[in-house]
Amino acid sequence: QVQVVESGGGLVQPGGSLRLSCAASGITFSIYTMGWYRQAPGKQRDMVASVTADGRTNYADSVKGRFTISRDNAKNTVYLQMNSLKPEDTAVYYCSLRLGPLNYWGQGTRVTVSS
């Protein structure tokens, strides 16, 4: 059974940093494309960052230069380092695992950026 568990969300002041983690089990983690998505209240779920099995990364324009995605295949974990956080980064962040038609999601972790 595939399990995907995010952690690391919380309340942070503007300009602060957070690191999200996503641990997966029940799959061959290293062959999956890993992604972080976010959904703000009343808005659609949007891609934030992704990293392929061979390490290629992609970022939404709104987070380029501030967020960094990385993966540790030995730990079956993907990370999202978020720096210089803004109030508009407030959302529930979801981890995604994708391989062809297979797509698994975590339950989400909430990030609130507010003073």
Computed P(r) (all Cα pairs; the chain; 10 Å bins; percent): 15, 51, 29, 6, 0
Ranking Glu6, Glu88 from most to least accessible area with a 1.4 Å probe gives Glu88, Glu6
Among all the lysines, which ones have a C-alpha under 30 Å from Lys75's C-alpha, if same-chain residues fewer than 8 places away are not counted? Lys64, Lys86
Suppose every K and R has +1 on its Cβ and every D and E has -1 on its Cβ; what is the size of the dipole of the chain about the Cα centre, in Debye to the nearest 20? 40
20 Å reach of a label modelled at Ile31, 7 Å along Cα-to-Cβ, counting backbone N of the stretch 72-109: 72-78, 96-105
Fully extended, how many nm does the chain gain between Ser114 and Ala40 (0.36 nm per residue separation, minus their Cα-Cα distance)? 25.2 nm
If R₀ is 25 angstrom, what is the calculated FRET efficiency for the pair Gln107 and Ser17, using the beta carbon separation as r and rounding to 0.05? 0.65
Could you give me D for the stretch 1-51, from Stokes-Einstein at 10 °C and 1.306 mPa s, where the hydrodynamic radius is the Kirkwood radius over C-alpha pairs? Units µm² s⁻¹, please. 121
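The values are calculated or read from the model by the stated rules, or taken from the named source; none is laboratory data. Just so you know, these numbers come straight off a predicted model, no measurement behind them. Positions of Cβ are generated from backbone atoms using ideal geometry, with glycine treated the same way; all protein chains shown enter the neighbour counts. Heads up: the accessible areas ignore ligands, DNA and RNA and are worked out on the full protein's heavy atoms, side chains in. Shrake-Rupley method; radii C 1.70, N 1.55, O 1.52, S 1.80 Å.
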